[in-house]
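Here the structure comes first, spelled out in structure tokens, and everything after it is commentary.
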Amino acid sequence: MTTVRKGQAPAKLNRDEFHLVFTRDFYDPAYRAVARELAAVEEVAWQAYVDSHKAPVTVKAGPGFADPDYDLSVEWKETHDRLLAAEAHQKDPATRSRVLVINGAARNDGSCPGEISKTWRLAKLCEAVLAAEGIETDLLDLSLIISDYDRHIHPCKACVSTAMPLCHWPCSCYPNHSLNQENDWMNEIYERWVAAHGIIIVTPVYWYQSPSILKLMIDRLVCADGGNPDPTSTHGKKAEEAKALEEHWHYPKHLAGRIYGVVVHGDVAGIESTRRSLSDWLDWMGLIDAGPVAQLDRYVGYYESYADSHDTLDKDTAFQEEVRNVARAVSAAVAAVRAGKLVQPDRKVVNPRPK
């Protein structure tokens, strides 16, 4: 086994430093009226930080885990159980087909931008087509991160790069109560991906790349591609145990077999590269594309005014219909897969270099 390298992380904050960080959340003078109460809360938070209370409420793993007596986070265990139920429901042939439509733009009219995004409008076009075809549609609006109170998708901590089995499915890095890394939206988002038969990602291009809110979700879905569904096998985050396990790891693809479509739009550059990177990522996870029509990149008002971009979209009825066609292609492919008429061509091919 390779050596676990150490020496990067700084020392913990001292008490005075912790006080400065803690009080930043209460900058509003209105909090002065409860200064005594906040001081008491701060002391509890300080002790949780010093003692590393990452998962303060636990439950025994129980049957089905490598170490049934291991103390699992209650929050992780509840998410794990919901994913199992969602997977069973998704695989039940008697259930309605379900497509997850993801709005990847960071703009909405509930915050500083003051106006809805064009991406939201395009996602609603997909939703309408799917609903008309009798498909249960789940519209995931990632822009809520900018407008909702204390909603987060925390960044991936890259456990995979230590060893794949250290990356748990679903992610066990959050919440970390000792570091105030809480209210992580991904536990809900994992369930919504698992429950879906098809996925449509609708996104703009920001600076030649996917918007940061979309990339946060993408990074946190790494555990869906090879992630370890049993944290007791590594006794939490024991790097040595994970490295030993990786020698014979089978890299399970937890979302494989679902259908996907992609809509990328921009105004100057970057749409093709963004569309390709999204398609490559979904292919890597074992999802099935719904055909060339379902992988769309278009400009809306090439080098035209930002202020008039909604009006430009109104006029581009051809693009609107192409977006609807993405939804139609995904709908048809989902129906074909569920009827056994479309089979992933490479599903039985053995990969000589799994990762």
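The values are calculated or read from the model by the stated rules, or taken from the named source; none is laboratory data. Computed from a predicted structure; not experimentally measured. Positions of Cβ are generated from backbone atoms using ideal geometry, with glycine treated the same way; all protein chains shown enter the neighbour counts. For accessibility, only protein heavy atoms count, side chains too; no ligands or nucleic acids. Shrake-Rupley method; radii C 1.70, N 1.55, O 1.52, S 1.80 Å.
What's the long-distance tail for segment 266-348, i.e. % of Cα pairs beyond 15 Å?
Percentage above 15 Å: 67.
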- Would you mind giving the three semi-axes, in whole Å and largest first, of the ellipsoid equivalent to segment 9-166 according to its Cα gyration tensor? 37, 29, 15
- To the nearest 10 degrees, how steep is helix 118-132 against the longest Cα principal axis of the chain, on a 0 to 90 scale? 70
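In the neighborhood of residue 218, defined by Cβ-to-Cβ distances under 13 Å, what is the net charge if each Lys or Arg adds +1 and each Asp or Glu adds -1? Could you put the intermediate results ahead of the total?
Details: positive: 215, 220; negative: 219, 225, 280.
Neighbourhood net charge equals -1.
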- Note on the structure: Measuring from the longest principal axis of the C-alpha atoms of the chain, the long axis of helix 271-284 (C-alpha) lies at a number of degrees, nearest 10, equal to 70
- Please report, in debye to the nearest 20, how large the charge dipole of segment 222-293 is about its Cα centre when each Lys and Arg carries +1 at its beta carbon and each Asp and Glu carries -1 there. 140
- Message: What are the extents of the Cα atoms of segment 65-116 along their three principal axes, in Å, largest first?
- Response: 51, 34, 13
- Picking from 111, 143, 279, which is most flexible by a Gaussian network model of the chain using Cα springs under 10 Å? 111
- Query: Comparing 112, 223, 156, which has the greatest mean-square fluctuation in the GNM of the chain with Cα pairs linked when under 10 Å apart?
  - Reply: 112
- Query: Given the protein chains as shown and a 1.4 Å probe, how many square angstrom of residue 285 are accessible, to the nearest 10?
  - Reply: 0
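Specify, per residue and in Å³, the volume enclosed by the convex hull of the alpha carbon atoms belonging to segment 170-219.
Working: hull volume 4.7 nm³, N = 50.
Value for segment 170-219: 95 Å³ per residue.
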- Item | When the convex hull of its Cα atoms is projected in every direction, mean area for segment 115-220 (nm²) | 8.5
- Task: Quick one: what are the phi-derived ³J(HN,Hα) couplings along segment 169-184, Karplus 6.51/-1.76/1.60 with θ = phi - 60°, whole Hz, x for glycine and proline?
- Result: 10, x, 4, 9, 5, 10, x, 10, 5, 5, 9, 6, 9, 10, 6, 7
- Mind checking which of 154, 197, 235 has the largest fluctuation in a GNM of the chain, springs on alpha carbons under 10 Å? 235
- Item | Set 54/77; 77/243; 77/237; 12/215 screened for pairs whose C-alpha atoms are more than 21 Å apart | 77/243; 12/215
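When only DSSP loop residues count, what GluC sites (Glu not before Pro) in segment 237-273 have their Cβ near at most 16 other Cβ atoms within 10 Å?
Working: sites: 240, 241, 246, 247, 272; in loops: 247.
Those that pass, being in a loop and sparsely packed, are 247.
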- Query: Between segment 133-208 and segment 19-53, what's the alpha-carbon centroid distance in Å?
  - Reply: 28
- Query: Which is the longest run of the chain containing none of the chymotrypsin sites (Phe, Trp or Tyr not before Pro) found in DSSP loop states (not H, G, I, E, B) with at most 15 other C-beta atoms within 10 Å?
  - Reply: 28-148
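Run the helix sum for the chain: -39,500 (n - 2.57) per DSSP H stretch of 4+ residues, divided by residue count, reported at 222 nm to the nearest 500 deg cm²/dmol.
Numbers: 11 runs with 132 residues, N = 355.
Calculated mean residue ellipticity at 222 nm is -11500 deg cm²/dmol.
Between the DSSP loop rule and a limit of at most 12 other Cβ atoms within 10 Å, which trypsin sites (Lys or Arg not before Pro) in segment 1-75 are left? Intermediate values should be presented prior to the final figure.
Numbers: sites: 5, 6, 12, 15, 24, 32, 36, 54, 60; in loops: 5, 6, 12, 54.
Of the trypsin sites (Lys or Arg not before Pro), the ones in loops of segment 1-75 whose Cβ has at most 12 other Cβ atoms within 10 Å are 5, 6, 12.
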- Task: Heavy atoms only, probe 1.4 angstrom, no DNA, RNA or ligands counted: give me 50, 129 ranked by accessible area, highest first.
- Result: 50, 129
- Does anyone have the angle between helix 35-50 and the longest principal axis of the chain? Alpha-carbon axes, 0 to 90°, nearest 10? 90
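Express the relative contact order of segment 232-355 as a whole percentage, based on alpha carbon pairs under 8 Å and six or more residues apart in sequence. Let's see the in-between values first.
Details: 127 pairs, mean separation 32.2, N = 124.
In percent, rounded to a whole number, it is 26.
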- Excluding same-chain residues fewer than 8 positions from residue 341, which lysines have a Cα within less than 20 Å of its Cα? 91
- Under 18 Å from residue 315, Cα to Cα: aspartates and glutamates that are on another chain or at least 8 residues apart: 267, 297, 304
- Have a look at segment 139-186 and give its Rg and Dmax from the Cα atoms, expressed in angstrom. 12.5, 36
- Message: Can I get the semi-axes of segment 5-51's equivalent ellipsoid? Compute them from the C-alpha gyration tensor as square roots of 5 times the eigenvalues, in angstrom, largest first.
- Response: 27, 12, 7
